[in-house]
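A quick write-up on the structure given underneath.
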Amino acid sequence: MNYCSHCGSSQLHKKQPKEDTHTRIVCGQCAQVHYRNPTIICGCIIEQDDKVALCLRAIEPQKNTWTIPAGYLEFGESTELAAQREALEETGMAVEICELYSVFNVQHMHQVYIIYRAQFVQKTQEMGSESSAVKWFTEHTLPFEQLSYPAIKTMLLRHSKERKTGCFSLYQGDASAGRITGLHPN
Ligand SMILES: [Zn+2]
């Protein structure tokens, strides 16, 4: 940040405001405190029968790798609606949210991921420009060598395994390590 988004001044300083616990960027002109908070990314694993739908990324980062539909939570939007909207935008599919499946932090990117399991309802539009392909995969055809991130791979492996038992769990932690809790029958 070079200029205050409140008054346009370039007099920005790092300091810890009174009764605050963190160092903030504070405007020397208008005294506005500029808070920085992690962004929330919502997405879903789209299921139909024994398959899941993945999108091939048409854009950077991780162009030409397969991933689940996910994107930034918008102002005024619920996390479930964001996951549904991202599914629609990136795959053209209307989905119904089933349940929460993974919550993990990517701390170096200042991101929190909230991932749901979702049921395919119907194809209602063409896939968006962020995807160059959308395909259904069974556990035997999942493109493990061409997935966008290790955390996606770990999650899809767990999903394949749990799907056979019908018992889904909730993962919480960071992208590489966490806890799996709340095992329950589907
Ligand atoms: Zn200012």
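Give me log10 I(q)/I(0) at q = 0.12, 0.13, 0.17 Å⁻¹ for the chain, Debye formula, one equal scatterer per alpha-carbon, no solvent. For the chain, the Cα-only Debye profile gives -0.65, -0.73, -1.04. Computed over the chain, the per-residue total of -39500 (n - 2.57) for DSSP H runs of n ≥ 4 gives a 222 nm mean residue ellipticity of -5000 deg cm²/dmol, rounded to 500. Summarising the strand pairing of the chain, around 75 percent of its internal DSSP beta bridges are antiparallel. Using the charge dipole of the chain (Lys, Arg: +1 at Cβ; Asp, Glu: -1 at Cβ; taken about the Cα centre), state which of Cys98, Gly43, Ser176 has its Cα farthest towards the positive end. Checking the options against the dipole of the chain, the answer is Ser176. On a 23 Å Cα-Cα criterion, which of the cross-link pairs Lys63/Lys135; Lys135/Lys161; Lys63/Lys164; Lys63/Lys161 come out too long? Violating the 23 Å limit, Cα to Cα: Lys63/Lys164; Lys63/Lys161. A dipole drawn for segment 3-144 from +1 and -1 charges on Cβ atoms has a positive end, and of Gly128, Met109, Gln32 the residue lying farthest that way is Gln32. Rounded to the nearest 0.05, what FRET efficiency do Val103 and Lys18 give with R0 = 41 Å and r taken as the Cβ-Cβ distance? Could you check? Computed FRET efficiency for Val103 and Lys18: 0.80. About its Cα centre, the chain has a charge dipole of approximately 600 debye under the convention of +1 per Lys or Arg Cβ and -1 per Asp or Glu Cβ, with nothing else charged.
Sparse packing (at most 13 other Cβ atoms within 10 Å of the Cβ) combined with a DSSP loop state is found for the following trypsin sites (Lys or Arg not before Pro) in segment 1-89: Lys18, Arg36, Lys63.
With each label modelled as a point 7 angstrom along the Cα→C-beta vector, the Val33-Gln119 pair spans 4.6 nm.
Measuring r between the beta carbons of Gln11 and His110 and using R0 = 22 Å, the FRET efficiency lands at 0.30. Among the chymotrypsin sites (Phe, Trp or Tyr not before Pro) found in segment 47-137, those both in a DSSP coil and sparsely packed, with 14 or fewer other Cβ atoms within 10 Å of their Cβ, are Phe75. For GluC sites (Glu not before Pro), the sites in segment 73-130 that DSSP calls loop and that have at most 10 other Cβ atoms within 10 Å are Glu126. If R0 is 25 Å, what FRET efficiency do you get for Glu145 and Gln172 from their C-beta distance, rounded to 0.05? Approximately 0.35, to the nearest 0.05. By the scheme Lys and Arg +1, Asp and Glu -1, what is the net charge of all other residues having a beta-carbon under 14 Å from that of Ile97? So the surrounding residues net to -4.
Projecting the Cα atoms of Tyr3, Gln84, Pro69 onto the dipole axis of segment 1-153, where Lys and Arg carry +1 and Asp and Glu carry -1 at the beta carbon, places Tyr3 farthest toward the positive end.
Throughout, read-outs are computed from the coordinates displayed, never taken from laboratory work. Everything numeric in this text was worked out from a predicted model, so none of it was measured. Reconstructed Cβ throughout: ideal geometry from the backbone, glycine too, with neighbour counts over all protein chains shown.
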